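Accompanying notes for the structure given below.
The values are calculated or read from the model by the stated rules, or taken from the named source; none is laboratory data. Treat the numbers as computed from the prediction; the structure is a model and nothing was measured. Cβ placement follows ideal geometry from the backbone for every residue including glycine, while neighbour counts extend to all protein chains displayed. Quick note on the areas: whole protein, heavy atoms, side chains included, nothing else; ligands and nucleic acids left out. Shrake-Rupley method; radii C 1.70, N 1.55, O 1.52, S 1.80 Å.
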Amino acid sequence: NANVLLVLGELMGGENEDGSTKRSAIPLIAGAIVLAQFTMSGATYAGDKMTKGGWGRKPLFLAGLLTLPIRCFLIIFWKDAGEAYLLSTQILDGLGGGFFGLLHPYLVADITFGTGRFNVVMGLTASCFGLGGTLSNLLGQMVVEHFGHVASLTGSLFLSIIPIVLFSCSMPETAGSRGKN
């Protein structure tokens, strides 16, 4: 996911005919970040209400995971459609981040309940997120440099399907499972 914002910024900002960076790049990137954060707040609130209303953790977390390949596809599809279309894809980033940020601690708490390992697992998963973000940026930008923006987004799209398949096939619903193991 980390690389997608960089690629989006490059596509939205672009260059003028003389090779200089468009002046609109900075406000567009700022708008992309603010839109994602605003949407993330709403998604977190909605996700909280939905979990309290009986929605399971698995379908909401899976919905958050599904936002990335959809976002990558839309950016590829709309890459020449204009900044407004590209900027709108950040709504999906906010939804994914909101659901992910809300449900990750719940999932870890459900899985580690009674073991005394909550902090260890949160630390390990946070380290994995950091490593994933670093590798996403490193490898994604190497692909942009050698093969272009669409190739990098296509790689992110296909790589994002792996956790969706693994999570949907291997992860049980954890809501209501605390203390039952």
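Report the FRET efficiency, 1/(1 + (r/R0)^6), for Leu166 and Asn137, where r is their Cβ-Cβ distance and R0 is 25 Å, rounded to 0.05.
The formula returns an efficiency of 0.65 here.
Note down the Stokes-Einstein diffusion coefficient of region 107-181 in µm²/s, whole number, using a Kirkwood radius over alpha carbon pairs, 37 °C, and 0.692 mPa s.
222
Under the 0.36 nm per residue contour assumption, what length would be gained going from the current alpha-carbon distance of Val120 and Lys52 to full extension?
21.8 nm
Can you pull the Rg over Rh of region 3-83, Cα-only, Kirkwood?
When Rh is taken as the Kirkwood radius, the ratio is 1.11.
Quantify, in whole percent, the carbon and sulfur part of the accessible surface of the chain (1.4 Å probe; protein heavy atoms only). Write out the running numbers ahead of the final one.
Working: 7070 of 10330 Å².
That share works out to 68 percent.
In sequence order, what are the phi-derived ³J(HN,Hα) couplings for region 118-133 according to the Karplus relation 6.51 cos²θ - 1.76 cosθ + 1.60 with θ = phi - 60°, rounded to whole Hz, with x for glycine and proline?
4, 5, 4, 5, 4, x, 5, 5, 5, 5, 5, 5, x, 5, x, x
Mean shadow of the chain, computed from the convex hull of its alpha carbons, in nm²?
For the chain, averaging the hull's shadow over all directions gives 11.2 nm².
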